[in-house]
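Notes follow the structure.
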Amino acid sequence: MDSDKDHEAPHPLTYTFSKEERLCSKRLITLLFSKGSSFNLYPLRFVYYTEPSTTPAPTQVVISVSKRHFKR
């Protein structure tokens with residue numbers, strides 16, 4: 001016989017970043033755009049900066065969208 005667990009709906013996936021993974025510091029964002037390297041994979045532009053540090057830190061992400069194309 002089938003148990004009730006076989007018929008449970010799967011949990012929905014969440015596509016979010018945790019607080020540690022979000023880049024929120026204005027100082028670090030300025031550093032990213034001033035000293036970072038970039039490359040394009042149309043239609044996306046990737047900018048990255050690796051800080052020379054001996055302590056391991058989580059990777060942080062910021063996503064920016066141009067108001068020219070997305071006015072809302």
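We did not get these values from a lab; they are worked out from the coordinates using the rules stated. No experiment lies behind these values; they were computed from the predicted model shown.
Just to check I understand the Karplus step: with θ = phi - 60° and J = 6.51 cos²θ - 1.76 cosθ + 1.60, what whole-Hz values come out for the stretch 32-47, glycine and proline as x?
4, 7, 8, 10, x, 9, 9, 8, 10, 10, 3, x, 9, 10, 10, 10
If amide hydrogens are placed 1.01 Å from N in the peptide plane, which non-local residues have theirs closer than 5 Å to the one on Arg22?
HN-HN under 5 Å from Arg22: Val61.
Taking a ≥ b ≥ c as the square roots of the Cα gyration tensor eigenvalues, with a/c under 1.5 meaning rounded and otherwise prolate when a/b beats b/c, else oblate, which class fits the stretch 10-72? Present the calculation step by step, with values, prior to reporting the outcome.
On the way: a/c = 1.81, a/b = 1.08, b/c = 1.67.
Note, shape of the stretch 10-72 comes out oblate.
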